[in-house]
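Take a look at the structure set out below.
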Amino acid sequence: MSDARLVEAAVFGIEQPNNKAIEIVDDIASSIESGKSTLLHHVQLLQSYLTSDASDVRSKGTQVLSLILTKLSKDAFQKNSVSVLVTFLTSRLSDPICVPQLLDGIHALSRLPFYGTEEAKQTSLSIFKDVHVQSFQQRTRNVAFQIIEKIVKDHPKTLKQIGDDFVLGLAQMVDGEKDPRNLMIVFQIIPALVERINIQKYAEDLFEVIFCYFPITFRQKSDDPFEISPDDLKVALRNAIISSPYLTTQALKPLIEKIEATSANVKVDVLDTVASGADKFDQKELLANFENIVDLIREDIFMTSDERVLEHALGALTALYASISSYKDSQVMNSDAMDVEMTSEATIKQNKLDIILDEANVQLTSEDLSQCDLTGKIVEAVARSCAENFVVVFNEIAPILFKRFEKDESLVHRRQIIVALNRLLKVSTELKNVQSALVSFHDRILAVYRIESSSNEDHEHATLHTSRLRGIQLLILLDNFLTDNEKHLGIKTLTECLVNSDTDDSVHQKVLSYILELADIFPNNICTITLPELFKALKSTQSTKHVDRITHSLKEFGTKKYLFSNIEMSLIDILSTTGLRATSELYVARLIQELTHSTLENNTENGISGSLMDSVATPILQNVIRRAENQCPFELESLKELARAISFIVSASSTQAQSEFIQHWLPLIGNTVTEIKPKDETANISIMTSAILCSLDPKTIISVGDMAGWIKHIAEVARQSPHSAQRQSACEIIASVINKTSNSSLRLELANSISGAPPTPDTNITLFCWVIRALAACKDKIAYDMARSLLTSTISQIPKASAEAIAGYNLILASHPWAVTRNTKGVLKLLYQQRFYSEIVPTILQGFPSASKETKTYYLMVLSRIFQHVPKTILMHDIEKLLPLLIEALRLTDPDLKSTTLETISMVISEVPNLLRLDLTSTIIPLHLESMIPSAENSIAVRCSAVKNVRLIADKFTYQDLQPAMYQVLKALAKAADDHKRLVRQEVVKCRTKWLLLED
């Protein structure tokens, strides 16, 4: 097809619903890009359409030209062609029918490097003169604003050449705009424009067209692809208003009027704008209206119940006082802002401060101090504005507070006074060169805070005690205010409060946060004062609650990199002592584990794990062995926590470091998993051996000679050892070795040599399940055969082992601290748990209908263990087949089984309630009501789940479905409302309300 025919087809097909015209335009653009034709050639072919007397033809021709320009890359254009095209397109902007298409073309040209100052000038003047932007649809207006935005940002010379006419043109162009997408562009244009040219002449016109949107309200649509939020628009408008003093000067009085608005959102917007523009307001206008603005803001502070308004009002006060503090004598003296005789800068600033200080004096000397807290916040906001203002405020307010504190014995009033003082002290820690103002009040400040005493003398209540201790912390933070000895006393006071078992919980939490803040600045003081006291208390305390507090505090300190080593070493040292209570020992061991894990997770330094091997793992093992030899071994639970810590360290170490570590320690502790009848103290150390060996990288070689023979020997230990911990450790090591054996045939050979299928009466079921776990994680087919044989053989041939087998299914799929887990580099293939489910559950479903009652119970118990570890979405695929089994499971007496079943039924109620409709009132609801009755089988978890399901049933079914069971349900809920557990009663109240509100 010839070029002329292509152009014709594009023009007359451009508005057709198919995309053939677009495809033709793509072909034309490709032809131009490849050099087979030229842009000028196609413009000439479009000439007759572009100049046609028929408006629709002109519009279509222009649209095709614009599309071509849009699709071409910058390399397809020449400098002269861009200038010619801009001239052509802008000259036709007076033709309203073609304006949308013309602007598309101009927009495409404006992104080109050849689009220069002259082209930008020509474009701007033509749009301002010939295009009544607000008469077009949103998209066309948006393109026009995008063109102007690009000119403003990329062509400053154009702006200077056009000058005031550009400002006026933009104002006329914006007038009446309502679309948030367009307004966002407009609000972004204005700050950029202000940076480049003087807008003074037409500032009023520009101000009128943008301030009319203030305060802007806009409800964002959930499906808005542009994602313009109300906050985005508010910020953009605010930035536009405060972008120039010529705009902010006009905004001041309207803003003052809007401060009195009743809407909290409007107030916040106004206050933010005042704060943002404070340093840009005309000084004369601001000084003249300053007292009025401050009075209005102060009124908001005292009257509002909205925390947002309070926060932003205080921010506005700070900004306003900061702005006048920057005024110079010449600036102030040359203005007649005060309408009085010329006044010095210092006097004017003092007068403005007196607005706040006079009122504060009244409030702080009033008998009831009812407004002391808000007054303190106002004073704090003003003091924060600058160092100069802080000094004035502190010198005026501090003596009032000190005098009131000395004479007023009311504890409530004393707390209010200390809080007000704390606010000023907090500001003094943030500003520079203000501490000198506090020095003259040194003794009076110390008399208020009593830095040498942590006790709540004068019977301080918790909030007063906390406020005083907060003040002590702030005094310590102040530069050059306290002597080193006074700082030492202050930290000691805070520490005593932290360590004291009688300290109120709320006070303890606050004090901990205060000392943690000090730890960043005074780590040495914390190491020499605070930590030793915590360790001392940990050794001596007999209270479990106190131990919990201390270990929590140490854990928080341990997150500080520079304190970790000190804390970890001291904790390990504490474990070496034999007089520690079992509870304290467990807490310390758990803390070591948590700190080790946290350090390894948050520290990216190379060699950190090697450092921890020396500083943590080695001393732990030495302590464990020493205490076992001295016949005062660790408790089993403490050993498990310490083993986890070592596992974290070993798994994070390099293979070389692991090899060196086990070469040293395996000869010392390896016998704990190879001796069949070790001493009781030694048997438990096998936990440490397991944690180390299971955490090794698959590439790390365990030097034991014949690996297969060694594993078989450990298997004998797993079968014959009288110690449960040793048997468990042996199983873990075997499973880990099998799982990490990369050669699949060797892996299966090891597995078969240890535990063949099917199980027999002589089979160690726990070991059998550990081998299944190792193989199932690798998705080895033999694992599913072994699991099926366990399922079918146990109940028929070795019924005594059925309970062990049920627990084994949980063991196969559950997570473990170190054996066959991803954290210790175990091989766990993707979705292996789901694969296990899909292999085993069909066997249960097939055998369940014909099984005996005893076997059915066994199957249901196995299912409950599997369900706990499989995503509920997987269960939904087989829910119709599983539903009869779930109903049957609710009739059994095992609490874990019932709890798991109720959780699964909850999902059925939520996702596919229709499946339950037939059995709802006859079976489902009665079984749930029975599960609400307190008994050994109905644990608190079972009862809560049952009540939640009954409430969910009321949500998902109609009144007609539920009406037959209404009386039965409400009667059961009335009884359940007297349950002895509060959590159950809470759920019952919600459930009962839902059922009582059911309507026909």
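The values are calculated or read from the model by the stated rules, or taken from the named source; none is laboratory data. None of the values given here were measured: they were computed from a predicted structure. As a convention, Cβ positions derive from the backbone with ideal geometry for all residues, glycine included, and neighbour counts pool all protein chains shown. SASA here: full protein model, heavy atoms, side chains in, ligands and nucleic acids out. Shrake-Rupley method; radii C 1.70, N 1.55, O 1.52, S 1.80 Å.
Could you work out how far helix 39-50 tilts from the main Cα principal axis of the chain, as a 0 to 90 degree angle to the nearest 10? For 39-50 against the chain, the angle is about 60 degrees. Counted residue by residue at 0.36 nm each, then reduced by the alpha carbon distance between them, the extension gain from residue 480 to residue 603 reaches 40.9 nm. Classify region 652-740: rounded, prolate or oblate, from the alpha-carbon gyration tensor (a ≥ b ≥ c, eigenvalue square roots; a/c under 1.5 rounded; otherwise prolate if a/b is larger than b/c)? Prolate, because a/c is 1.5 or more and a/b exceeds b/c.
Measuring nothing but protein heavy atoms, the accessible surface of the chain at 1.4 Å probe radius is 48 percent carbon and sulfur. Once you sort the root eigenvalues of the Cα gyration tensor of region 1-75 as a ≥ b ≥ c, which label holds: rounded (a/c under 1.5), prolate (a/b larger than b/c) or oblate (the other case)? Prolate, because a/c is 1.5 or more and a/b exceeds b/c. The alpha-carbon of residue 157 sits under 17 angstrom from the alpha-carbons of these aspartates and glutamates, leaving out residues fewer than 8 places away in its chain: 118, 119, 149, 165, 195. Straight Cα distances below 30 angstrom link residue 258 to the lysines 178, 201, 221, 234, 267, 280, 284, 328, 349, 352, 377, with same-chain residues fewer than 8 positions distant left out.
Taking all protein chains as they are arranged and a probe of 1.4 Å, the heavy atoms of residue 349 leave approximately 20 Å² accessible to solvent. Helical runs (DSSP H, four residues minimum) scored at -39500 (n - 2.57) apiece and divided by the length of the chain put the mean residue ellipticity at 222 nm at -22000 deg cm²/dmol.
Evaluated over region 871-1000, the count of Lys pairs having alpha-carbon atoms less than 23 Å apart is 28 (only pairs 8 or more residues apart or interchain). Taking the alpha carbon gyration tensor of region 854-935, multiplying each eigenvalue by 5 and rooting it gives semi-axes of 17, 17, 12 Å, largest first. Sorting the segments 388-399, 193-204, 411-422 by their mean number of nearby beta carbons within 10 angstrom, highest to lowest, gives 411-422, 388-399, 193-204.
Modelled this way, with points 7 Å down the Cα-to-C-beta line, the labels at residue 368 and residue 745 are 9.3 nm from one another. Between 0 and 90 degrees, the angle of helix 387-407 with respect to the longest Cα principal axis of the chain falls at about 50 degrees. Dipole magnitude for the chain: computed about the Cα centre from +1 point charges on Lys and Arg Cβ and -1 point charges on Asp and Glu Cβ, it is near 3320 debye.
Evaluated with a Cβ-only charge set (Lys, Arg +1; Asp, Glu -1), region 136-285 carries a dipole of roughly 240 debye about its Cα centre, given to the nearest 20.
Each of residue 679 and residue 5 was given a label point 7 Å from its Cα along the Cα-to-Cβ line. The distance between the two points is 10.3 nm.
By definition, a body whose alpha carbon gyration tensor gives a ≥ b ≥ c is oblate when a/c is 1.5 or more and a/b is not larger than b/c, and region 186-288 fits this oblate description. Placing dummy labels 7 Å off each Cα toward the beta-carbon, the span from residue 881 to residue 708 is 3.9 nm. With viscosity 1.002 mPa s and temperature 20 °C, the Kirkwood radius over alpha carbon pairs of region 871-1000 converts through Stokes-Einstein to a diffusion coefficient of 146 µm²/s.
Taking Rh as the Kirkwood radius computed over C-alpha pairs, what is the Stokes-Einstein D of region 147-241 at 4 °C in a medium of viscosity 1.567 mPa s, expressed in µm² per second?
94
A protection proxy built from the mean count of other Cβ atoms within 10 Å ranks the segments 131-142, 631-642, 939-950, most packed first, as 939-950, 631-642, 131-142. Based on protein heavy atoms only, the chain ends up with 45 Å² per residue of surface accessible to a 1.4 Å probe.
Scoring 583-589, 31-37 by mean Cβ neighbours within 10 Å over their residues and listing the highest first yields 583-589, 31-37.
Along the Cα-to-C-beta direction of residue 117, a point sits 7 Å from the Cα; which residues of region 145-168 have their amide N less than 14 Å from that point? From region 145-168, the list is 154-163. Considering the options 405, 893, 212, tell which one lies farthest towards the positive end of the dipole of the chain, charges being +1 on Lys and Arg and -1 on Asp and Glu at the Cβ, about the Cα centre. The Cα lying farthest towards the positive end belongs to 893.
Give the residues of region 355-378 whose amide nitrogen is closer than 11 Å to a point set 7 Å from the Cα of residue 412 in the direction of its Cβ. Backbone N within reach: 368-370. How about residue 640: which lysines have a C-alpha closer than 20 Å to its C-alpha, ignoring those fewer than 8 places off in the same chain? Leaving aside lysines fewer than 8 places away in the same chain, those within reach of residue 640 are 555, 679, 825. Note on the chain: dipole from Cβ charges, positive end direction compared against 997, 228, 50; the farthest Cα belongs to 997. One way to sum up the overall shape of region 682-824 is the equivalent ellipsoid from its Cα gyration tensor, whose semi-axes run 23, 17, 14 Å, largest first.
A Förster radius of 51 Å, combined with the Cβ-Cβ distance separating residue 923 from residue 501, puts the computed FRET efficiency at roughly 0.40. Eigenvalues of the alpha-carbon gyration tensor of region 386-542, scaled by 5 and square-rooted, set the equivalent ellipsoid semi-axes at 27, 19, 12 angstrom, largest first. When the scattering of the chain is computed by the Debye formula from its Cα atoms alone, each counted once and equally, what is log10 I(q)/I(0) at q = 0.05, 0.08 Å⁻¹? The calculated log intensity ratios at q = 0.05, 0.08 Å⁻¹ are -0.59, -1.15.
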